[in-house]
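Chemist: To start, I am sharing the structure in question, which I have written as structure tokens.
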Amino acid sequence: MLPDRSAPLYAAPLNDLLAMLLRQFRRLLAEKGVEMDEVAIKVTAQAACDRENSGENIPALRDALVALVMESEAVLARWNLTFSQALVTQMDAIPGWESTSDFLEIANEKSNAELRIAAGGTLLAALGDYRYVPHLLAAIDHAPDEVETIIAKRVLLFVSGVDGDMADWRARLAIWHSSCIDG
């Protein structure tokens, strides 16, 4: 039997996983005016786990992450795709490529956009901004064993208080998100 590759992601401290995602965004955040050195990354990840999402750098971080997610959504919109549609659209259905080089470039753009939306939405949820929860749920439904979706699931379970061992955890997350919007 093959080992469960996802087990370490479920066992890792959540602050370590959030710090990993923040490191992936370091350059992009700096381009948006949000500088994050290693100390800031660790402090921010821990603050999210402590539900202290009102620190002085958090609003600027949230704004930068929203801008990055929106830019990635705009990349997908060039092919008339929403995030959910992009997840299930194969590359041969994407227009605009004629050569292998074009294909690889577009595939890379599409993949990067999907990853940035999922990771950015996860970070935003950890920081108390739940606007991209539907994207995260779509990603979890589409590829539940991917690194980004396992982290998204862990974050959503954490912020919602839903027990991931319950058979209906997915439905409970959707109900929780609805109550966030309505409340």
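The values are calculated or read from the model by the stated rules, or taken from the named source; none is laboratory data. Remember, it's a predicted structure, so these values are computed and weren't measured experimentally. Methodologically, a virtual Cβ is constructed for each residue, glycine included, from the backbone with ideal geometry; neighbour enumeration extends over all protein chains shown. The accessibility values were calculated without ligands, DNA or RNA, using every heavy atom of the protein model including side chains. Shrake-Rupley method; radii C 1.70, N 1.55, O 1.52, S 1.80 Å.
Chemist: Pick out the one residue from LEU123, LEU115 that is part of a helix (DSSP H, G or I), within 8 Å of the chain's Cα centre (by Cα) and surrounded by 23 or more Cβ atoms within 10 Å (Cβ to Cβ).
Modeler: Going through LEU123, LEU115 in turn, just one is part of a helix (DSSP H, G or I), within 8 Å of the chain's Cα centre (by Cα) and surrounded by 23 or more Cβ atoms within 10 Å (Cβ to Cβ): LEU123.
Chemist: Of these, ALA152, ALA138, ALA171, ALA167, which one is assigned to a loop (DSSP other than H, G, I, E, B) and among the small types (Gly, Ala, Ser)?
Modeler: Just one listed residue meets the conditions, ALA167.
Chemist: Out of all the residues in the stretch 127-146, which are open to solvent by 70 Å² or more (accessible area, probe 1.4 Å), farther than 12 Å from PHE83 by Cα and free of Cβ contacts under 8 Å to residues at least 60 places away in the same chain?
Modeler: ASP141, GLU146
Chemist: Condition check: of a type in the set (Phe, Trp, Tyr) and within 21 Å of TYR10 (Cα to Cα). Does PHE158 satisfy that?
Modeler: yes
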